[in-house]
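The values are calculated or read from the model by the stated rules, or taken from the named source; none is laboratory data. Keep in mind that what you see is a predicted model, and the values were worked out from it rather than measured. Every residue, glycine among them, receives a Cβ derived from its backbone with ideal geometry; neighbour counts consider all protein chains shown.
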Amino acid sequence: MDLLIPDKVHDESRQGEALILEPVGKHNGRKLYIESYGCAMNFSDSEIVASILAEKGFETTSDFNNADVIFINTCSIRENAEVRVRNRLKEFAGAKFRNPGMVVGVLGCMAERLKAKFLEEEKLVDVVVGPDAYRDLPNLIEQVDSGQRAVNVLLSREETYADISPVRLNSNGINAFVSIMRGCDNMCSFCVVPFTRGRERSRDAYSVVAECKDLFDKGYREVTLLGQNVDSYKWTKPHPALSKGEGSEEDGKVLSFGEDLGEAPEVVNFANLLEMVALVSPELRVRFSTSHPKDITDEVLHTIAKYENICNYIHLPVQSGNSRILDIMNRTYDREWYMNRIDAIRRIIPECAISTDVITGFCTETEDEHNDTVTMMDYVKYDFAYMFKYSERPGTLAAKRYADDIPEEIKQRRLAQIVAKQQEYSFYRMQARIGKVEKVLIEGYSKKSDKDYCGRSDQNAMVIFPVSENYKPGQYVNVLVERTTSATLIGTIVD
Ligand code: SAM
Ligand code: SF4
């Protein structure tokens, strides 16, 4: 059992969701079915894929039986994520049998990890495409149409799809993900991401701001800036004297906090980017994920504190509370460093909600070391946590260096212990909001009743309250919190 409390970035309820978009341009008579697994980055990538194929005249369908092309955008982060995809592929076999001309493609992290081996292992699959090769999809589909199977898993040092304006799929028209960087250079020893998504690269800051502005103009009221480690975002504006892409850092300067943004900065760090996006409109909420404890700076925290529309919520994965385990995880911080960052958040943004990721039963973890994770949870009292048993991934540093030696029952027991602990703290954090007034962005009707609206508080808690005819989804309301569950605040609108 991996337990997580869903939010928009790690949304369990969206796993396997099929994407539907409004037809654009001229239809080529072919239908695309695309479903996604894993993190928000994959869902965001599926929007890029759909945009590329919509340009070529594809329409989307929500029924794979009617599709001419089926794409499954995959996740490799834990073994069970891959098992899920393999099982799903079996379900496509019947449709392909009935329509032998159908193209079945595997996209994303699992495609990148297994490459051409996928074609050997899964006879159903015609095309395997890694996360940096989506521009090549129309060609690859043509290749399959001409009777060949096709693979493109080249990773790029430059590709950010900055110029592709993603169609928003299955959107409520209120919140959107905006990818600000791709890849990861961190090499945490348990993690497959650096191998499946390649080197870290930051997207043109002005294209990020332009996309956010465009979303705001279309009525969106919340953007979530996405990257594996947003704190290491750094974009250097190419020097005008040099051709595109050759700008060097030495040519630029890093803006210091509060410096006037009237002049375009030549080097944009994450604090600068947050500020630029916050300035799009005070009515646009800004969220971001994921922060890395080694890189999150006080400058970022001060920027969050300075702008009312940058939400007071930070996802700061700890992974373990023990310094030896953090060392062999190659996280490059220790317990004291992490606590210092928590103290800085509490000092600079006193009302900030904090969530985390935890892995139990990493290689050689002793009972005392596990207890350090438990006491870290006591120290921080996280608002939410995503908790996982360690799952060895082939090719990672941990798989090469350390034995996966913690028995399954012990991993499970440790996981259950931290899950129980987290439930206590989630409830504690929720209870602390009773009697407070939360500014909520209305997202729509609650899942259970169309007599209630739902939306998120600044601190990312889900809030449910009775519908008022004076307010519509996309508007902000003040809600007085009257009671809670461990995952939801319940209240009424106050003016
Ligand atoms: N870049 C983010 C970070 O550094 O925290 C998140 C990356 S990953 C998509 C999300 C989470 O999956 C990680 O924070 C970690 O807790 C978990 N994870 C990654 N590899 C894992 C593995 N091999 N076994 C169990 N959990 C894993
Ligand atoms: Fe994986 Fe670490 Fe990069 Fe996160 S920071 S994606 S856990 S390597």
- Message: Looking only at the stretch 172-197, count every residue that is touching a Gly at 6+ places or on another chain (Cβ under 6 Å), surrounded by 22 or more Cβ atoms within 10 Å (Cβ to Cβ) and in a loop (DSSP other than H, G, I, E, B) and tell me the total.
- Response: 2
- Message: Quick check on E112: is it touching a helix residue (DSSP H, G or I) at 6+ places or on another chain (Cβ under 6 Å), of a type outside the set (S, T, Y) and either within 16 Å of ligand 1 (Cβ to nearest atom) or modelled with pLDDT of 95 or more (or both)?
- Response: yes
- Note on the structure: Of the candidates V419, V440, the one satisfying the condition of being under 20 Å from T356 (Cβ atoms), touching a strand residue (DSSP E or B) at 6+ places or on another chain (Cβ under 7 Å) and either not in a strand (DSSP E or B) or not aromatic (F, W, Y) (or both) is V419
- Qualifying positions in the stretch 322-356 - within 16 Å of ligand 1 (Cβ to nearest atom), touching a residue at least 60 places away in the same chain (Cβ under 8 Å) and not in a loop (DSSP other than H, G, I, E, B): I328, S355
- Message: So the check is Cβ under 6 Å with 6+ separation or different chains; which pairs have a first residue in the stretch 303-321 that's farther than 12 Å from V380 by Cβ and a second one that's away from ligand 1 (no atom under 16 Å from the Cβ) and among the charged types (D, E, K, R)?
- Response: T303/E275; N309/R285; C311/R285; C311/D458; N312/E351; N312/D458
- Task: Output the residue which, of all residues in the stretch 210-238 that are outside any strand (DSSP E or B) and charged (D, E, K, R), is farthest from ligand 2 (Cβ to nearest atom).
- Result: D217
- Message: Restricting to the stretch 97-117, name every residue that is crowded, with 20+ Cβ neighbours inside 10 Å and part of a helix (DSSP H, G or I).
- Response: C109, M110, A111, E112, R113, L114
- Answer residue from the stretch 311-333, given it is closer than 16 Å to F190 by Cβ and aliphatic (A, V, I, L, M) and is surrounded by the most Cβ atoms within 10 Å (Cβ to Cβ) among those: V318
- Message: Being over 17 Å from the mean Cα position of the chain (by Cα), more than 16 Å from ligand 1 (Cβ to nearest atom) and among the small types (G, A, S) is the filter here; which residues of the stretch 163-190 pass it?
- Response: S165, G173
- Of the residues that make up the stretch 115-122, is at least one at pLDDT below 95, basic (K, R) and over 30 Å from the mean Cα position of the chain (by Cα)? no
- Task: Filter the stretch 388-429 for residues that are among the aromatic types (F, W, Y) and over 23 Å from R113 (Cβ atoms) and give the result.
- Result: Y425, F427, Y428
- Output for the stretch 391-418, where each listed residue is small (G, A, S) and surrounded by fewer than 20 Cβ atoms within 10 Å (Cβ to Cβ): S391, G395, A399, A403, A416
- Message: Quick test of your reading of the structure: K306 fulfils all but one of (1) basic (K, R); (2) closer than 26 Å to V178 by Cβ; (3) within 16 Å of ligand 1 (Cβ to nearest atom). Name the failing condition by number.
- Response: (3)
